[in-house]
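One structure is given here, and the rest of the page talks about it.
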Amino acid sequence: MSTNDILERARERGNGLPYAGAVTPQEAHALIQDNPAVRLIDVRTNAERDWVGRVAIDDAQHGAVQWSTYPGGVPNSDFVEQLASIAGKDDVLLFLCRSGVRSRHAAKLATENGYTNSFDILEGFEGDKDAEGHRKTVGGWCKAGLPWVGA
């Protein structure tokens, strides 16, 4: 599937959303492989990336801007400014968080600030909890078998 096909499908999923659309983890990985103008923006806290793991992709296509800080979960008031330091307004931005909630908010805020190609990565890095309260078993980047490195 081509970059244009994936983005078209993502935009269809996003019909009515306040950002461009949504991609699956597999589609996000394919987009990164095919196009150097695509950037994955990890909005988890630094602690999550350090203690849980992070995507293993080319650093040129990977950026990190905390949506909220640890400890305390205080919203990052510098989110937009920090995003501007690592991404261009014409880039295709794929926002990733733990389970796909913060990434939606990040995609919305980015869109409101002129980043018109902002997409949510569905399911996030770890996905939802299973019946036993564990992550990485139901959905997400890790469950999909995409490249990542542990803490």
Just need a number here: residues in segment 16-49 that are modelled with pLDDT under 95 and touching a Gly at 6+ places or on another chain (Cβ under 9 Å).
1
Out of the residues in segment 48-68 that are small (G, A, S) and out of contact with any Pro (no Cβ under 8 Å at 6 or more places or on another chain), which is farthest from R98 (Cα to Cα)?
G63
Take segment 98-148 and flag every residue that is polar (S, T, N, Q) and in contact (Cβ under 8 Å) with a residue 60 or more places away in the chain.
S103, T111, T116, N117, S118
Restricting the search to segment 32-71, which residues are without any contact (Cβ under 8 Å) to a residue 24 or more places away in the chain and β-branched (V, I, T)?
none
I want to confirm something. Restricting to segment 89-116 and keeping residues that are surrounded by fewer than 24 Cβ atoms within 10 Å (Cβ to Cβ) and polar (S, T, N, Q), which single residue is nearest to L7 (Cα to Cα)?
T116
List, please: which pairs have Cβ atoms under 7 Å, are six or more places apart or on different chains, and start with a residue in segment 1-27 that is among the hydroxyl-bearing types (S, T, Y) and end with one that is assigned to a loop (DSSP other than H, G, I, E, B)?
T3/N35; T24/L122
Among the residues of segment 44-65, the number that are more than 19 Å from D90 (Cα to Cα) and surrounded by 22 or more Cβ atoms within 10 Å (Cβ to Cβ) is 3
Could you please find all residues in segment 97-129 being out of contact with any helix residue (DSSP H, G or I) (no Cβ under 8 Å at 6 or more places or on another chain), within 16 Å of L17 (Cβ to Cβ) and not polar (S, T, N, Q)?
G100, V101, R102, R104, H105, A107, K108, E112
Tell me the helices (runs of 4 or more DSSP H) entirely within segment 27-112 that contain at least 1 residues that are closer than 16 Å to W141 by Cβ and over 13 Å from the mean Cα position of the chain (by Cα).
46-51
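The values are calculated or read from the model by the stated rules, or taken from the named source; none is laboratory data. Please read these numbers as outputs of a predicted model, since none were measured by experiment. Positions of Cβ are backbone-derived with ideal geometry, glycine not excepted, and every protein chain shown enters the neighbour counts.
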